């Protein structure tokens with residue numbers, strides 16, 4: 001079946017379903033890209049179209065008889081023993097090669113993207129906070145020893161000497177650098193901080209792809225905005241249909257369960 005996608009004001013196509021998947025993998029198109037094929041009334045965002053497919057598959061699954069399941073790829077019904085299972089997706093033998101290849105390539109497939117909720121994300125932040133607190137306490141301890149050793153011990157001298165103030169500025173800057181490097185490196189390298197790894201969740205692009213270091217950098221500073229508005233940016237995850245926080249919306253990221 002031929003597909004078309006919008007590139008600015010230009011209509012590109014026709015292309016096959018496999019070519020469309022390749023474009024998603026190459027990040028030339030994403031969930032916000034408008035797509036259309038013969039039989040559709042109007043153009044739709046690729047992400048919404050995929051979401052409708054997932055919902056349709058789930059509804060069909062409720063209607064099938066015992067011992068049967070709906071293939072998340074082709075939408076047909078088969079006996080469960082003839083299908084493979086991957087998380088909450090079931091795939092028939094005919095669709096298995098394409099399905100497995102999509103997983104290997106990191107392409108989002110219907111039925112397997114489960115968004116991480118507010119409380120599990122809070123738990124991940126709590127774990128990361130403990131790790132960073134321990135690191136910062138070690139830094140404070142080291143600088144405290146150095147300050148006590150080097151600071152002049154002249155009788156009556158104010159503890160707020162220029163050296164003491166300078167050391168506090170260095171500690172503050174170092175704490176910021178460590179916190180930023182911790183978040184940006186782990187997210188850019190693994191898609192998750194140690195706290196998120198412990199909770200088995202990760203940060204991805206809307207199409208399920210890997211987050212780049214530049215996106216991780218932008219997301220780190222976007223979290224400041226979520227914090228500055230009394231933490232409301234974080235609370236948004238409890239009410240969003242895709243469990244997105246404000247910084248997820250700003251950077252177009254999603255947090256999913258592994």
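The values are calculated or read from the model by the stated rules, or taken from the named source; none is laboratory data. These numbers were taken from a predicted model, which means no experiment stands behind them. Backbone-built Cβ (ideal geometry, glycine too); neighbour counts: all protein chains shown.
Here are a few things to note about the model shown:
- Scope region 57-103; condition more than 21 Å from residue 19 (Cβ to Cβ), out of contact with any strand residue (DSSP E or B) (no Cβ under 7 Å at 6 or more places or on another chain), modelled with pLDDT under 65 and surrounded by 13 or more Cβ atoms within 10 Å (Cβ to Cβ); matching residues: 58, 86, 88
- Residue 220, sole failed condition from (1) closer than 18 Å to residue 30 by Cβ; (2) touching a residue at least 40 places away in the same chain (Cβ under 8 Å); (3) outside any loop (DSSP other than H, G, I, E, B): (1)
- Scanning region 184-191 turns up one or more residues that are in contact with a strand residue (DSSP E or B) (Cβ under 8 Å, 6 or more places away or on another chain) and at negative phi.
- Applying the criterion of being more than 18 Å from residue 135 (Cβ to Cβ) and in a loop (DSSP other than H, G, I, E, B) to the residues of region 193-210, the residue that is nearest to the chain's Cα centre (by Cα) is 205.
For every residue, the table says whether it meets (1) at pLDDT 75 or above; (2) closer than 30 Å to residue 18 by Cα; (3) part of a helix (DSSP H, G or I).
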| residue | (1), (2), (3) |
| --- | --- |
| 112 | no, yes, no |
| 125 | yes, no, yes |
| 149 | no, no, yes |
| 168 | yes, no, yes |
| 173 | yes, no, yes |
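- Of the residues contained in region 226-249, none is found to be part of a strand (DSSP E or B), within 14 Å of the chain's Cα centre (by Cα) and buried (at least 19 other Cβ atoms within 10 Å of the Cβ).
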